[in-house]
Protein chains: 2
Amino acid sequence: MALCLGREIKRIFELMAYEKKIPVDLDCPLRLTMSLIESKWKSCILDELRDGRAQRPSEIHKCLPEAAPRVLDIQLREMVEDGLVVKTIYPELPPRSEYRITDLGLSLIPIIDMMLKWGEEHFEVFEKKYGGRTKE
Amino acid sequence: MALCLGREIKRIFELMAYEKKIPVDLDCPLRLTMSLIESKWKSCILDELRDGRAQRPSEIHKCLPEAAPRVLDIQLREMVEDGLVVKTIYPELPPRSEYRITDLGLSLIPIIDMMLKWGEEHFEVFEKKYGGRTKE
DNA sequence: TCATATACCGTAAAATTATTCGGTACTTGA
DNA sequence: TCAAGTACCGAATAATTTTACGGTATATGA
């Protein structure tokens, strides 16, 4: 019982620390922007939502099948906190919710576009360079 | 003795896997570009070397004092492998080496610039939003 | 009735990334 | 002689991120 209580207290402190932690990097403007999108799937999520259409979690997952649903869930929650997307929850059963890109999120799309274009232009070079290697 | 050998063999296999592993993400153009610069300090290193001047590791570290020299060392080596920078080693004592941005690295600068600009434009919003929180 | 789908969450493990520390070898300046 | 600087590397640890798995609750269609 005492041990469980200790674990609970530890957990509460972790939660408090988590709540208080700065989720972005305010050290410099470049790091700020990077820290908002550098997680593996965030740039892809922004690209998915770019047309302004609200999408359900399962739709987003269908477009990014390589990402585990739990990861998308977590990264979408962070993006909501950062103000890049908004979430609408419909009190229905079975449950339904939707994510829509915000103006702040849209303002990142030109950057996403440039990265997309750069990647397309240099894809063959890197495929030739690293294509022979195993993925993992 | 047998245990040590086992560990050595494991290490060799790890090294072989490491050598063969694709260091970038070829799943999609966006992920490719991101994977080249998403490590914490790579975008800052590119920004540091943008003027085309060759810089010594210690100079780069002076400009990015928050990054541990070992980390810069590793990330610079990866950037050399990816072709974003080149390294020149002078066979002198005490040792001297220099890193210079390549044309491929320079082609990423417009993206870095947009992120820099975006970060400057939205800095106050995020500082107001998260400024009250502790950093760690 | 049973599988499927929906969104979500907790836990734990795996994988990756970042950091610290100590050591090499040599020079220069105090 | 001793500290400091120079570049670099190995090893271990810390921190973070990503993933897998199982469970909640309810509806639908076979």
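Values quoted throughout were computed directly from the atomic coordinates according to the rules given, and no laboratory measurement underlies them. Computed from a predicted model, the values in this text were never measured in an experiment. Cβ placement follows ideal geometry from the backbone for every residue including glycine, while neighbour counts extend to all protein chains displayed.
Observations, loosely collected:
- If you filter the stretch B:40-70 down to residues that are surrounded by 14 or more Cβ atoms within 10 Å (Cβ to Cβ) and small (Gly, Ala, Ser), you find that the one that is farthest from the other protein chains (Cβ to nearest Cβ) is B:Ala54.
- Selection from the stretch B:114-136 of residues that are in contact (Cβ under 8 Å) with a residue 24 or more places away in the chain and either touching a Pro at 6+ places or on another chain (Cβ under 7 Å) or exposed (fewer than 14 other Cβ atoms within 10 Å of the Cβ) (or both): B:Leu116
- Screening the stretch A:19-39 for residues that are surrounded by fewer than 17 Cβ atoms within 10 Å (Cβ to Cβ) and charged (D, E, K, R) and picking the one that is farthest from the other protein chains (Cβ to nearest Cβ) gives A:Glu19.
- Set A:Leu116, A:Leu26: member being part of a helix (DSSP H, G or I) and under 20 Å from B:Leu116 (Cβ atoms): A:Leu116
- If you go through the stretch B:83-113 and keep only what is part of a loop (DSSP other than H, G, I, E, B) and either more than 8 Å from chain A (Cβ to nearest Cβ) or surrounded by 15 or more Cβ atoms within 10 Å (Cβ to Cβ) (or both), you end up with B:Gly83, B:Leu84, B:Pro91, B:Glu92, B:Leu93, B:Pro94, B:Pro95, B:Thr102, B:Leu108.
- Residues in the stretch A:83-98 that are more than 7 Å from DNA strand C (Cβ to nearest atom) and either out of contact with any helix residue (DSSP H, G or I) (no Cβ under 6 Å at 6 or more places or on another chain) or free of Cβ contacts under 8 Å to residues at least 40 places away in the same chain (or both): A:Gly83, A:Val86, A:Thr88, A:Tyr90, A:Pro91, A:Glu92, A:Leu93, A:Glu98.
- Filtered residue count, the stretch A:34-61, keeping only those that are within 12 Å of DNA strand C (Cβ to nearest atom) and over 20 Å from B:Asp25 (Cβ atoms): 6
- Among (1) assigned to a loop (DSSP other than H, G, I, E, B); (2) more than 9 Å from every other protein chain (Cβ to nearest Cβ), the one test that B:Asp73 misses: (1)
- Filter result for B:Glu66 (in contact with a Ser or Thr (Cβ under 9 Å, 6 or more places away or on another chain) and of a type in the set (D, E, K, R)): no
- The stretch A:52-86, subset among the acidic types (Asp, Glu) and more than 10 Å from DNA strand D (Cβ to nearest atom), residue farthest from B:Lys129 (Cα to Cα): A:Glu59
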